[in-house]
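What follows draws every value from the coordinates through simple rules; no lab data is involved. Given the structure is predicted, the values throughout are model-derived calculations rather than measurements. Cβ coordinates were reconstructed from backbone atoms using ideal geometry, including for glycine residues, and neighbour counts include every protein chain displayed.
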Amino acid sequence: MKTKLTAILLLFALTLASAGCGSAPAQVTSTPAPTPAQAAAPAPAQTPEAAPTQAAIEKASAEPAQENKSMVVVFSCTGTTKGVAEKIAALAGAELVDLVPAQPYTAEDLNYNDRSTRATVEQNTPDARPGIAGDISLDGVTTLYLGYPIWWGQAPRIMSTFVESHDFTGITVVPFCTSGGSGAGRTGETLGEQAGTGTFLGATRFSSGVSDNELQSWIDSHK
Ligand SMILES: Cc1cc2nc3c(=O)[nH]c(=O)nc-3n(C[C@H](O)[C@H](O)[C@H](O)COP(=O)(O)O)c2cc1C
């Protein structure tokens, strides 16, 4: 009888214990109350699709802020002005952009010994506006170094195409050029008149072998 009573008591105790453990898993599966840190975190509306991808984050952080941006835009057919432009871009920490003609200039187009060739005919036609390939965005640019060769004492007509098709409001344009020996003349001022917007400075003529020191002084004088 004592054994039977003990067995009944043991069974009763085990039933109680089992009921107590059963309530614990219910708490585990319910949503835990947020910790203070979790409560302060953004709402979990950011699904993986809505959240910016790692690539987007890296791209955004790699791009410089769109403020006080310097850019060098250069038109160069035989590489002389481009060489100077590359140095300016490196020294000024500026983006370098080629102004590419829609129709490239061939060596024959540039033969100034023959007055019937393309470049010379264009320079003798004040209204000529050779096309530009692609689009050059000046978004965020505040200083624009604008480079070109001297053709018959003037800026190539394609430079007029460029300045007439862009808005330079808020931009200081610093023109520079190379040549076989001629000076820059009033090319910077003329481009500024054609642009009608922005602040165009007088152009500076550089030789192909211009030193970094000379270019740095020139860059610093326009800051
Ligand atoms: C059609 C044409 C006209 C030129 N006219 C002049 C000129 O009037 N004075 C001068 O010193 N050089 C003149 N040049 C020489 C270029 O200005 C010089 O070679 C320049 O550095 C070329 O620059 P790039 O290599 O960037 O195209 C002329 C060149 C060409 C093709």
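Compute the label zone of Asp212 within region 86-108: residues whose backbone N is under 17 Å from the point 7 Å along Cα-to-Cβ.
Answer for region 86-108: 86-94.
Beta carbons within 10 angstrom, averaged per residue: use that to sort the peptides 107-117, 145-155, highest first.
145-155, 107-117
If R₀ is 25 angstrom, what is the calculated FRET efficiency for the pair Leu201 and Trp152, using the beta carbon separation as r and rounding to 0.05?
0.65
What percent does the relative contact order of region 66-220 come to when contacts are Cα pairs within less than 8 Å and at least six residues apart?
Working: 305 pairs, mean separation 37.4, N = 155.
Here the relative contact order equals 24 percent.
Give me the orientation-averaged projected area of the Cα convex hull of region 66-220, in nm², one decimal.
Values: hull surface 33.6 nm².
About 8.4 nm², averaged over all directions.
I want to verify the translational diffusion coefficient of region 70-133 in µm²/s; compute it with Stokes-Einstein, Rh as the Kirkwood radius over Cα pairs, at 37 °C and 0.692 mPa s.
251
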